[in-house]
Amino acid sequence: MKFSMLPSVFAQMFKKPWTNKFPAKYAPANTTKFLADVGTGKAKLIPPVETPPGFRGKIKYDKEKCIGCNLCIKVCPCGAIEAKEKEKKIKIYLARCCFCSQCNDICPKDCLTMSDEFLLADADPYSKDLIVE
Amino acid sequence: MKQKTTSKTTYHIPVGPIHPALKEPVFFEFELDGEKIVDVDVKLGHVHRAVEWASRKRNPIQILYLAERICGICSYCHPAAFGLAIEDAAGIEAPERAEYLRVIQGELERICSHLLWAGVAAHEIGFDTVLYLTWQVREKALDLTEYLTGNRVTKGIFMIGGIRRDITKDMIPRIQKDLKYFKDIFGKLKKVFLDDKTVKLRSQGAGILTYDNALKLCAVGPTTRASGVKKDVRVDTSYFAYGDLDIDYITPDVLTGEVNGDVYDRIIQRLLEVKQSIDLIEQCIDKMPSGDIVAEPKLAKLLSQLKKVEGEGIGVHEAPRGEVYHYIKMDGNEAPFTWKVRAPTYNNILPWIPMLLGEQIADIPIVAASTDPCMSCTNRVGIVKDGNKYELSKEELHKLSVEKTRRLMK
């Protein structure tokens, strides 16, 4: 058929674009100012696409439960976890984390879990947001 | 290729290592007579990342994730082959349900990879509409991967002696819905790729790899099967649950009745394999028994068990691009004594030479892309001295060896 693509073309014309315009419909001129506006309620944030169930995002650490067995350090493929010898606790550098959730699997006390938080971009690898302790 | 082959009638063109037409660094040297290629040489080694070296200070569970990062598209195949190798060395057997789940993940990856390739091939011949069409379908496959494993690309699903995530009953309707979508769209894709005049003009009779050459140069995967060689790890050695499933070699003559070994045949081959993969996933869902998904759920116990292992193991898996081969030797330490990876592209590089001979310059991208090359998977050895790259011939290696003996004798 010569014009077999025409039905697709017409269907495409009336469809909404698939792209989710996150965080705003038009790119803000100043992202920091835009985020501050969102914080005070002046601007509205278009939410990101939902993460699937079982998504592996930022690690959550329940400090109370941790017994300092250091098993997670043993299986971490990228050496993102550091032991705090004195306190018998751990410190996770997310800038090195590869989000495999292997530490969650080996933890005998289940004190590590994966959240669905994925907006982790930062200019400083040692910023407060990227260190879990 | 030496410069001296250049005569008055031919001229020399280097392409790469970094070139807009190439997705990954590889260096071609062409000898051309007008538009016709008369001689080709391929040089590798521009993306050496010392993956095998990095394994020397990691335990097998950590290496699973290192292996995952050998290739971005085969992020299931490498951990799978590595896992098979270590299971072979340690004598661990995965439970039956895990074997079926492993097949499902492997075949889903094959669908993703082949659809990606189909889009890239269409892009190489300048048919970008088809690129968007196929990648739209691939997006669905990636969404399904994300649903089953948690992430789109680095799946992190393989575990030594099993698999990390189960497919529960409430997940099956979603899988079946997506499989139905793939089957429905398959007819459309088949029509676009196999009946379209543009695709036919560029791919029929281009980049021919004969049956003899495919055998002689040890091509693997769809590249060799498109030339009529019946070689498929899934059928030849029944690892995972492939032994229980209805699976047979696929060659392009299933559809067209003849084997030409050209680019068009490689397109047919991959499309048929997508269909086969859909069929295999359906079979797995039907036949999957209930039970455990890992042989040893306590990872600390597994680690101490692996620490004691002494011996060698081999893991072979049919990746989307062909046979991926992992060798491991354990010597009773935490880290392996040695780990050797042979990615399928390594075998599919030499067949480029007979494929490209006699073709035109404009055919280089599509012919090179038709083997679905993955350069960064392939690079294992790079010898750098004083900032220059050296290649060692057999004589030079022998000389070095003799010199070392002399040094030690002193």
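The values are calculated or read from the model by the stated rules, or taken from the named source; none is laboratory data. The structure presented is a predicted model; accordingly, all values stated were derived computationally and were not measured. Cβ: placed from backbone, ideal geometry, glycine included. Neighbour counts: every protein chain shown.
Data overview
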read-out: Qualifying positions in region A:63-97 - within 14 Å of chain B (Cβ to nearest Cβ) and not in a helix (DSSP H, G or I); value: A:Ile67, A:Cys69, A:Asn70, A:Cys76, A:Pro77, A:Cys78, A:Gly79, A:Ala80, A:Ile81, A:Arg96, A:Cys97
read-out: Pair list, Cβ under 8 Å, 6 or more apart: region B:58-76 residue free of Cβ contacts under 8 Å to residues at least 40 places away in the same chain, other residue among the β-branched types (Val, Ile, Thr) and crowded, with 22+ Cβ neighbours inside 10 Å; value: B:Gln62/A:Val75
read-out: Counted residues, region B:155-192 - those being touching a helix residue (DSSP H, G or I) at 6+ places or on another chain (Cβ under 8 Å), at pLDDT 90 or above, over 22 Å from A:Thr51 (Cβ atoms) and among the charged types (D, E, K, R); value: 1
read-out: Yes/no for B:Leu189 being under 26 Å from B:Cys71 (Cβ atoms) and in a helix (DSSP H, G or I); value: yes
read-out: Subset of region B:155-195 [touching a residue at least 24 places away in the same chain (Cβ under 8 Å), acidic (Asp, Glu) and farther than 25 Å from A:Lys58 by Cβ]; value: B:Asp178
read-out: Some residue of region B:103-112 being among the charged types (D, E, K, R), more than 11 Å from chain A (Cβ to nearest Cβ), over 18 Å from B:Leu280 (Cβ atoms) and part of a helix (DSSP H, G or I); value: no
read-out: Yes/no for B:Lys231 being in contact with a strand residue (DSSP E or B) (Cβ under 9 Å, 6 or more places away or on another chain), surrounded by 14 or more Cβ atoms within 10 Å (Cβ to Cβ) and either assigned by TED's automatic domain parsing to the domain that holds B:Arg342 or at pLDDT 90 or above (or both); value: yes
read-out: Which numbered condition B:Gly205 misses (of (1) within 10 Å of chain A (Cβ to nearest Cβ); (2) within 24 Å of B:Thr251 (Cβ to Cβ)); value: (1)
read-out: Test: residue in region B:165-182 that is within 14 Å of chain A (Cβ to nearest Cβ), touching a Cys at 6+ places or on another chain (Cβ under 9 Å), under 30 Å from A:Phe99 (Cβ atoms) and of a type in the set (D, E, K, R); value: no
read-out: Among residues of region A:22-62, those that are of a type in the set (A, V, I, L, M), within 14 Å of chain B (Cβ to nearest Cβ) and farther than 13 Å from A:Gln102 by Cα, counted; value: 1
read-out: So B:Ala121, is it small (Gly, Ala, Ser), at pLDDT 90 or above and outside the structural domain of B:Pro373 (by TED's automatic domain parsing); value: no
read-out: Elements of type helices (runs of 4 or more DSSP H) in region B:46-91, at least 2 residues being over 21 Å from B:Ile111 (Cα atoms) and within 13 Å of another protein chain (Cβ to nearest Cβ); value: B:51-54, B:60-68
read-out: Checklist (1) among the aliphatic types (A, V, I, L, M); (2) over 27 Å from B:Glu139 (Cα atoms); (3) out of contact with any strand residue (DSSP E or B) (no Cβ under 6 Å at 6 or more places or on another chain) applied to B:Val263, failing item; value: (2)
read-out: Subset tally (residues that are at the interface with chain A (Cβ under 9 Å from one of its Cβ atoms), more than 26 Å from B:Gln305 (Cβ to Cβ), assigned to a helix (DSSP H, G or I) and within 23 Å of the chain's Cα centre (by Cα)) for region B:137-164; value: 4
read-out: Failed criterion for B:Arg152 (all others in (1) in contact (Cβ under 8 Å) with a residue 12 or more places away in the chain; (2) under 17 Å from A:Phe55 (Cα atoms) hold); value: (1)
read-out: Number of the exception - B:Gly72 against (1) surrounded by fewer than 17 Cβ atoms within 10 Å (Cβ to Cβ); (2) over 18 Å from the mean Cα position of the chain (by Cα); (3) assigned by TED's automatic domain parsing to the domain that holds B:Pro320; value: (2)
read-out: Scope region A:98-133; condition hydrophobic (A, V, I, L, M, F, W, C), surrounded by 17 or more Cβ atoms within 10 Å (Cβ to Cβ), within 14 Å of another protein chain (Cβ to nearest Cβ) and in a loop (DSSP other than H, G, I, E, B); matching residues; value: A:Cys98, A:Phe99, A:Cys100, A:Cys107
read-out: Listing of helices (runs of 4 or more DSSP H) fully contained in region B:211-262 that carry 1 or more residues being more than 18 Å from B:Trp352 (Cα to Cα) and of a type in the set (A, V, I, L, M, F, W, C); value: B:233-236, B:253-256
read-out: Search result, residues across region B:124-136 that are surrounded by 19 or more Cβ atoms within 10 Å (Cβ to Cβ) and over 22 Å from the mean Cα position of the chain (by Cα); value: B:Ile125, B:Val130, B:Leu133
